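**Q** Take a look at the following structure, please.
The values are calculated or read from the model by the stated rules, or taken from the named source; none is laboratory data. Note that the coordinates shown come from a computational prediction; the quantities given were computed from them, not determined experimentally. Ideal geometry is used to build each Cβ from the backbone, glycine not excepted, and the neighbour counts take in all protein chains shown.
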Amino acid sequence: MAKLNVNPTRMELSKLNKQLGIATRGHKLLKDKQDELMRQFIVLIKRNRELRMEVEKELEQSFKNFFLASATMAPEMLEESISFPKESISVHLSRKNVMGVHVPVMEMKRKMEGDEGSIYPYGCAQTPSELDDAIAKLNETIPKLLELAEVEKACQLLADEIEKTRRRVNALEYRTIPDLEETIKYIRMKLDESERSTITRLMKVKDIIDR
Amino acid sequence: MNFAEIFVNFGGVVFGGLGVALAVIMPGIGSARGVGLVGEATSGLMIEEPEKFGKSLLLELLPGTQGLYGFVIALLAMGQLYSTMEIAHGLFILMACLPIAFVGWKSAIFQGKVAAAGVSILAKNEQQTTKGIIFSVMVETYALLAFVLSLILLNSVTF
Amino acid sequence: MDRLDFTQGVVRTRVLEKKLLTFGTLERLIDAGTMDEAMKILKETDYGSSFSLLTENNDFETILFAELKRSFQIMDDVSPDSSIVNLLRLKYDYHNLKVLLKEIILDKDFSHLYLPIGTMDIKQIKTFILNENLQDVDPPVRAAIVEVLTDYKITRDPQRIGIILDRLYIYHFLKIIEAIKSPLFIEYAKAMIDFINVRTLIRVKRQKKDRKFLEEVLLSKGNIEKEKFLHSFTDSIDQIIRNFRNEKIAKGLIPALQSYKETNRFEDFEKEMDNYLIKLIREAKHIHFGPEPIFAYLLAKETEMKNLRIILVSKANEIPPQMVRKRMRESYV
């Protein structure tokens, strides 16, 4: 705690008082913001965890199918089967404002909307059917994967923001406000002191005059 | 001298000669085919496993015996030939040669096939080769029967 | 073709058959603790000769491919008639064609996907296509190229490249087989077509495509009529089992369908299919004169490699031995 390096004048005092008022209000607001961010963050983190588990499980299954497919045919043949995809997927990116944080919103656009059976870009006679399963699974996983990306990025951004807000709150709570309070106290004391000395001086002068 | 006279005078020796020729030609062709077939099979084996030459030689020789039987019958029949033979005698010699001629021809080819299959046994499982040899010797039985019959026929009737 | 011409080749094949991996070796491979251990076991077998090609990243695919190539070369030498070996090379030809056509349509470089064990010179075909001069290409292949390219111009559907070439491959395969005039080959090809068709039927149902698509991808010329599959399109799996109960391939097909019904997965179906076909081709063991043993040997080699790939991929992915054992195909010997 260090008092600020200011002149102990009435002017400064009222200025500091005003500053203190603002700081306290700001602190309260930031504290509220932090709480709300925290709440949102916890919700997102939970969702993130759920999604991640789901996605990981699904991907694992898909990879298992892929491994099965790869075990029964030459790798070149496998790669050839999927070298020319039929479906193309694009992602539309926009942003959303959560407590002053811009988080991304991803939206998937597929060329073959509604034609679910068309994701397999190969013929049936030469490919093992495990490949179907693998590709179907991957296809199911993609929306979730995108959502996971979205949520995870949001979490990161929110975490950053929370960190920043907390630093501000802490700065206000443990530094600015105590400093201001101390300085104000110091100026008050100084002013009181000088007032007292003036009174004493006046009393002394009066004494001399009276004598 | 017209044809009929030649036929009557020399028919015997012509038919006898035909019998002798057939007894050599037919089993000879058969044996050549059979031995050739087995030879092809064994040469396939020699490319991969030349150390099995001894056993494969045995299989290779089996279809060759028919040619030998035919040759023996032909020699015996030839001993009975003379230029003024009666026609019946000549025809009889021809008939006596026919069993070994036909049976020798066909059985040599079939024996060749069995022996070639026996080479497969030799290739896959050397311990069991004897069985392959036995199987192909079975075919030999019939060539042998024909041979014996031809032999008896030749000597059974005296003119 | 004279069956007796194959006598020498058959005996040589018999000797080579002895060098196929035995059940015991496969078992040892399955039980091997690590990839390195498995490779060590493999090195002691006939595959050892290809180990010198191995680069430091220990990629077993190099060995498998080298071995496949070597088997084809040996059989080229053994077989007096090249059509038998070419019959099995055809699969790789059509694979190369697929890669080539996709390369041309997409204007990308897929050269790492070619499998150089086909009969055709794919580079030459590529220049022919690029110069739009297909006169010197083998007629069935030329027809295939033309059909795929015109079809793609109209539909713009890459899946159709695969579908058309798969179909033409099977028909080309059948055509060669019919020329060879071996009842065993014809039975093999027909059984394969039937199995593929049944699998296609179920796959199309699973992919939720319509009947028209099914009609498109079904292969004709099998033992079972195409109509029968189309009729079964809306049937449940139980009904399908009943429908095909009396077919020639039922002995392998019914267990395959049953296992599919129980697990809803194709794993066992494909295994049963492979097993049925290899059992069928085992007939060649009793044939001493004719092209069948040569064909059977190459198929046996391919099955063996499938098994090896399953084992080695599983080793790399740390799949427990009992799971691997369940997937093993029956071997020819």
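**Q** Only one residue in A:Glu161, A:Glu130 is in contact (Cβ under 8 Å) with a residue 40 or more places away in the chain, among the acidic types (Asp, Glu), surrounded by 16 or more Cβ atoms within 10 Å (Cβ to Cβ) and within 14 Å of another protein chain (Cβ to nearest Cβ), so which one is that? Please lay out each step first, then the result.
**A** On the way: A:Glu161 fails: within 14 Å of another protein chain (Cβ to nearest Cβ).
One residue alone meets the criteria, A:Glu130.
**Q** Can you say whether A:Arg110 is closer than 30 Å to C:Glu216 by Cα and more than 14 Å from chain C (Cβ to nearest Cβ), as far as the supplied structure shows?
**A** Values: closer than 30 Å to C:Glu216 by Cα: yes; more than 14 Å from chain C (Cβ to nearest Cβ): yes.
Yes, satisfied.
**Q** I'd like to check something: does the range C:301-309 contain any residue that is under 24 Å from C:Asp5 (Cβ atoms) and within 14 Å of chain B (Cβ to nearest Cβ)?
**A** no
One line per residue, one yes/no per condition, for (1) in contact (Cβ under 8 Å) with a residue 12 or more places away in the chain; (2) part of a loop (DSSP other than H, G, I, E, B):
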site: C:Phe65; (1), (2): yes, no
site: C:Ile84; (1), (2): yes, no
site: C:Leu87; (1), (2): yes, no
site: C:Asn96; (1), (2): yes, no
site: C:His112; (1), (2): no, no
site: C:Met120; (1), (2): yes, yes
site: C:Val141; (1), (2): yes, no
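**Q** Continuing with the same structure: When you scan the range A:92-104, do you find a residue that is more than 14 Å from the chain's Cα centre (by Cα), part of a helix (DSSP H, G or I) and among the small types (Gly, Ala, Ser), even just one?
**A** No, every residue in the range A:92-104 fails to be more than 14 Å from the chain's Cα centre (by Cα), part of a helix (DSSP H, G or I) and among the small types (Gly, Ala, Ser).
**Q** Among the residues of the range C:190-206, is any over 22 Å from the mean Cα position of the chain (by Cα) and either surrounded by 17 or more Cβ atoms within 10 Å (Cβ to Cβ) or in the same structural domain as C:Asn264 (by TED's automatic domain parsing) (or both)?
**A** Going through the range C:190-206, the residues over 22 Å from the mean Cα position of the chain (by Cα) turn out to be C:205-206.
Keeping just the survivors that are either surrounded by 17 or more Cβ atoms within 10 Å (Cβ to Cβ) or in the same structural domain as C:Asn264 (by TED's automatic domain parsing) (or both) gives C:205-206.
Yes, some residue in the range C:190-206 is over 22 Å from the mean Cα position of the chain (by Cα) and either surrounded by 17 or more Cβ atoms within 10 Å (Cβ to Cβ) or in the same structural domain as C:Asn264 (by TED's automatic domain parsing) (or both).
**Q** Do the conditions hold for C:Thr127, that is, is it surrounded by fewer than 17 Cβ atoms within 10 Å (Cβ to Cβ), assigned by TED's automatic domain parsing to the domain that holds C:Gln8, modelled with pLDDT under 90 and β-branched (Val, Ile, Thr)? Reasoning before the result, please.
**A** Working: surrounded by fewer than 17 Cβ atoms within 10 Å (Cβ to Cβ): yes; assigned by TED's automatic domain parsing to the domain that holds C:Gln8: no; modelled with pLDDT under 90: yes; β-branched (Val, Ile, Thr): yes.
In short, no.
Yes/no matrix, rows are residues, columns are (1) closer than 21 Å to A:Phe84 by Cβ; (2) under 20 Å from the mean Cα position of the chain (by Cα); (3) at pLDDT below 85:
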| position | (1), (2), (3) |
| --- | --- |
| C:Val78 | no, no, no |
| C:Leu87 | no, yes, no |
| C:Leu90 | no, yes, no |
| C:Leu97 | yes, yes, no |
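**Q** Specify the residue that is farthest from the other protein chains (Cβ to nearest Cβ); the eligible residues are those in the range C:275-297 that are surrounded by 23 or more Cβ atoms within 10 Å (Cβ to Cβ) and within 13 Å of the chain's Cα centre (by Cα).
**A** C:Phe295
**Q** Go through the range A:153-211 and give me each residue that's of a type in the set (S, T, N, Q) and more than 29 Å from A:Lys18 (Cβ to Cβ). Quick ask: steps written out before the conclusion?
**A** Of all residues in the range A:153-211, those of a type in the set (S, T, N, Q) come to A:156, A:165, A:170, A:176, A:183, A:194, A:197-198, A:200.
Passing the criteria: A:Gln156, A:Thr200.
**Q** Inside the range C:242-274, can you point out the residues that are of a type in the set (Asp, Glu) and buried (at least 16 other Cβ atoms within 10 Å of the Cβ)? Don't jump to the end; show me each part of the working.
**A** In the first step, residues of the range C:242-274 are kept if they are of a type in the set (Asp, Glu); the result is C:247, C:262, C:267-268, C:270, C:272, C:274.
The answer is C:Glu247, C:Glu267, C:Asp268, C:Glu270, C:Glu272, C:Asp274.
**Q** I need the full set of residues from the range B:78-113 which are more than 16 Å from the chain's Cα centre (by Cα) and farther than 14 Å from B:Ala21 by Cβ, in order please. Give the derivation first.
**A** Restricting attention to the range B:78-113, the residues satisfying the condition of being more than 16 Å from the chain's Cα centre (by Cα) are B:78-93.
Hits for the range B:78-113 are B:Gly79, B:Gln80, B:Tyr82, B:Ser83, B:Thr84, B:Met85, B:Glu86, B:Ile87, B:Ala88, B:His89, B:Leu91, B:Phe92.
**Q** Does A:Glu195 satisfy being at negative phi and loosely packed, with under 15 Cβ neighbours inside 10 Å?
**A** On the way: at negative phi: yes; loosely packed, with under 15 Cβ neighbours inside 10 Å: yes.
In short, yes.
**Q** I need the full set of residues from the range A:46-81 which are more than 10 Å from every other protein chain (Cβ to nearest Cβ) and farther than 23 Å from C:Met323 by Cβ, in order please.
**A** Residues satisfying the conditions are A:Lys46, A:Arg47, A:Asn48, A:Arg49, A:Glu50, A:Leu51, A:Arg52, A:Met53, A:Glu54, A:Val55.
**Q** Further, regarding this structure: All but one of (1) closer than 27 Å to B:Gly44 by Cβ; (2) buried (at least 22 other Cβ atoms within 10 Å of the Cβ); (3) not charged (D, E, K, R) hold for C:His95; which doesn't?
**A** Condition not satisfied by C:His95: (1).
**Q** Follow-up question, since we're still on this one. Touching a His at 6+ places or on another chain (Cβ under 8 Å), at pLDDT 85 or above and either farther than 25 Å from C:Ala284 by Cβ or among the hydrophobic types (A, V, I, L, M, F, W, C) (or both), is that true of C:Val15?
**A** Values: touching a His at 6+ places or on another chain (Cβ under 8 Å): no; at pLDDT 85 or above: yes; either farther than 25 Å from C:Ala284 by Cβ or among the hydrophobic types (A, V, I, L, M, F, W, C) (or both): yes.
Spelling it out, it is not the case that C:Val15 is touching a His at 6+ places or on another chain (Cβ under 8 Å), at pLDDT 85 or above and either farther than 25 Å from C:Ala284 by Cβ or among the hydrophobic types (A, V, I, L, M, F, W, C) (or both).
**Q** Can you find, within the range B:84-127, the residue that is modelled with the highest pLDDT among those that are within 21 Å of B:Met46 (Cβ to Cβ) and away from every other protein chain (no Cβ under 12 Å)? Let's see the steps before the verdict.
**A** Restricting attention to the range B:84-127, the residues satisfying the condition of being within 21 Å of B:Met46 (Cβ to Cβ) are B:111-127.
Next, from what is left, pick out any that are away from every other protein chain (no Cβ under 12 Å): B:111, B:127.
Working: B:Gln111: 93, B:Gln127: 88.
In this case the residue turns out to be B:Gln111.
**Q** Pairs needed: first member in the range B:72-98, aromatic (Phe, Trp, Tyr); second member anywhere, in a loop (DSSP other than H, G, I, E, B); C-beta distance under 7 Å; at least 6 residues apart or different chains.
**A** Pairs found: B:Phe92/B:Val157.
**Q** What about A:Ala74, is it within 29 Å of C:Leu165 (Cβ to Cβ), buried (at least 17 other Cβ atoms within 10 Å of the Cβ) and either within 39 Å of the chain's Cα centre (by Cα) or in contact (Cβ under 8 Å) with a residue 24 or more places away in the chain (or both)?
**A** Values: within 29 Å of C:Leu165 (Cβ to Cβ): yes; buried (at least 17 other Cβ atoms within 10 Å of the Cβ): yes; either within 39 Å of the chain's Cα centre (by Cα) or in contact (Cβ under 8 Å) with a residue 24 or more places away in the chain (or both): no.
Criteria not met by A:Ala74.
**Q** Could you list all residues from the range C:1-57 that are free of Cβ contacts under 8 Å to residues at least 40 places away in the same chain, closer than 19 Å to C:Lys69 by Cβ, surrounded by 14 or more Cβ atoms within 10 Å (Cβ to Cβ) and within 14 Å of chain B (Cβ to nearest Cβ)?
**A** C:Asp46, the sole residue that qualifies.
**Q** Filter the range C:155-192 down to the residues that are more than 9 Å from chain A (Cβ to nearest Cβ) and β-branched (Val, Ile, Thr) and list them by number.
**A** The first filter runs over the range C:155-192 and keeps only residues more than 9 Å from chain A (Cβ to nearest Cβ), leaving C:155-156, C:168, C:171-192.
Within the range C:155-192, C:Thr155, C:Ile176, C:Ile177, C:Ile180, C:Ile186 meet the criteria.
**Q** Please determine whether any residue of the range A:99-108 is closer than 30 Å to C:Ile193 by Cα and surrounded by fewer than 19 Cβ atoms within 10 Å (Cβ to Cβ). Steps first, please.
**A** Looking only at the range A:99-108, we keep the residues that are closer than 30 Å to C:Ile193 by Cα, and these are none.
For the range A:99-108, residues closer than 30 Å to C:Ile193 by Cα and surrounded by fewer than 19 Cβ atoms within 10 Å (Cβ to Cβ): absent.
**Q** Assuming C:Leu20 fulfils every condition listed in (1) over 17 Å from the mean Cα position of the chain (by Cα); (2) outside the structural domain of C:Lys301 (by TED's automatic domain parsing) apart from one, which condition is it?
**A** So the condition that C:Leu20 fails would be (2).
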